[in-house]
1. Given the options 272, 264, name the one that is at pLDDT below 95, in a helix (DSSP H, G or I), closer than 30 Å to residue 75 by Cα and within 14 Å of the ligand (Cβ to nearest atom).
2. Taking region 173-205 as the region of interest, how many residues are assigned to a helix (DSSP H, G or I) and without any contact (Cβ under 8 Å) to a residue 40 or more places away in the chain?
3. With respect to residue 129, determine if the residue is away from the ligand (no atom under 16 Å from the Cβ), at pLDDT below 95 and among the charged types (D, E, K, R).
4. Using the structure shown, decide if residue 85 is among the charged types (D, E, K, R), in the same structural domain as residue 37 (by TED's automatic domain parsing) and under 23 Å from residue 269 (Cα atoms).
5. All but one of (1) in contact with an Asp or Glu (Cβ under 9 Å, 6 or more places away or on another chain); (2) more than 16 Å from the ligand (Cβ to nearest atom); (3) of a type in the set (Lys, Arg) hold for residue 164; which doesn't?
6. Under 7 Å between Cβ atoms, which residue pairs at least 6 apart in sequence (or on different chains) link something in region 206-231 that is under 17 Å from residue 242 (Cα atoms) with a partner that is within 12 Å of the ligand (Cβ to nearest atom) and of a type in the set (Asp, Glu)?
Amino acid sequence: MDKSISNKMNNAAAWTSNTHLEGILIALEKRGPDSLPPHEIAKLISFIKNAVIENGRENGTLIIKGNYIVGLPANGYQREITAIKILAQRLEFSDKFHEWMNDRLRALAYRMAREHPVEQMEKIWRTMDENGRLSYIRAVHQIQTNLFSDDKVDFIPAQVTPKKMEANTLGTFEFDGNPLYDSSRLKIAINPSELMKSTAENATGAVIHEGIHSILRQLARMTNRNLIAPSHPLHKDAKMMHDFVKYDSYCSSMFREAYYADPEERIAHKHEDFARIYKEQSALRRHQVERFKARPE
Ligand SMILES: [Zn+2]
């Protein structure tokens with residue numbers, strides 16, 4: 001285990017006073033997570049996360065807005081968060097999975113640049129009202145879902161609906177039931193006031209980010225129904241997502257740096273690579289157009 005992380009963990013007192021948790025933290029600090037299989041790591045993340053929330057509820061230190069817990073006390077639970085971060089970093093998708101994800105996002109960026117180079121899209125975007133913008137991001141989500149699907153894994157688009165949320169949140173991905181069951185629907189909620197403040201680039205990035213969550217969660221769901229054959233190149237990664245969802249190991253941004261270590265979030269943040277390729281492709285396309293125009297009749 002990284003020495004500085006282990007020192008940090010030793011120096012901070014655990015905020016929770018749960019002897020089982022204390023045992024886990026000490027074991028992690030001593031031995032690190034290296035020998036643990038993915039499903040054990042997923043279980044441990046979930047256990048620590050729930051212990052933190054339970055403890056925060058008991059002592060009333062959670063930051064709550066409306067009906068939702070949105071934060072932990074500043075600097076609180078640092079030892080627990082560091083432990084979750086170390087565990088989450090160990091949940092790695094395979095190189096094959098990364099290649100597949102990068103390849104599909106590249107295909108999406110090429111397609112979008114071909115239809116509307118980014119500057120042209122920004123101009124159109126500025127003339128669009130809320131409904132126009134929602135229709136546009138629904139179309140982006142549909143294209144993304146189609147491009148990720150093939151004859152072996154068939155993804156369905158999430159319902160993209162407007163929903164009032166706290167400021168600075170543009171979009172979220174959610175379910176209206178057990179995420180592993182087909183009876184629960186996939187939903188991407190978009191905050192209308194943030195949508196109207198946003199550029200086309202930001203809104204597109206947000207819906208692609210949520211779209212990646214949708215794809216990852218559907219891989220977990222397909223695994224739950226044994227729809228991904230062991231011979232499928234993504235079988236192992238889908239199985240890891242299944243463990244991750246089954247044990248509810250996802251860490252939202254309230255877990256501070258553990259959010260950026262979260263395996264699902266690390267993949268969803270590939271929307272930033274998409275944005276870069278979309279810009280590059282748009283620039284190439286602009287040069288092509290310019291060259292074409294410069295040719296004599
Ligand atoms: Zn996310």
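The values are calculated or read from the model by the stated rules, or taken from the named source; none is laboratory data. Computed from a predicted model, the values in this text were never measured in an experiment. Ideal geometry is used to build each Cβ from the backbone, glycine not excepted, and the neighbour counts take in all protein chains shown.
1. On the way: 264 fails: at pLDDT below 95.
Checking each option against the conditions leaves just 272.
2. Just the residues of region 173-205 that are assigned to a helix (DSSP H, G or I), to begin with: 192-197, 200-205.
Checking the rest, the ones that are also without any contact (Cβ under 8 Å) to a residue 40 or more places away in the chain come to 193-194, 197, 202.
So the answer is 4.
3. On the way: away from the ligand (no atom under 16 Å from the Cβ): yes; at pLDDT below 95: no; among the charged types (D, E, K, R): yes.
Taking the combined requirement at face value, the residue does not satisfy it.
4. Values: among the charged types (D, E, K, R): yes; in the same structural domain as residue 37 (by TED's automatic domain parsing): yes; under 23 Å from residue 269 (Cα atoms): yes.
It is true that residue 85 is among the charged types (D, E, K, R), in the same structural domain as residue 37 (by TED's automatic domain parsing) and under 23 Å from residue 269 (Cα atoms).
5. Unmet condition: (1).
6. 213/264; 216/264
Yes/no matrix, rows are residues, columns are (1) among the basic types (Lys, Arg); (2) within 15 Å of the ligand (Cβ to nearest atom); (3) at pLDDT 95 or above:
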{"residue": "138", "(1), (2), (3)": "yes, no, yes"}
{"residue": "149", "(1), (2), (3)": "no, no, yes"}
{"residue": "158", "(1), (2), (3)": "no, yes, yes"}
{"residue": "180", "(1), (2), (3)": "no, no, no"}
{"residue": "185", "(1), (2), (3)": "yes, no, no"}
{"residue": "229", "(1), (2), (3)": "no, no, no"}
{"residue": "239", "(1), (2), (3)": "yes, no, yes"}
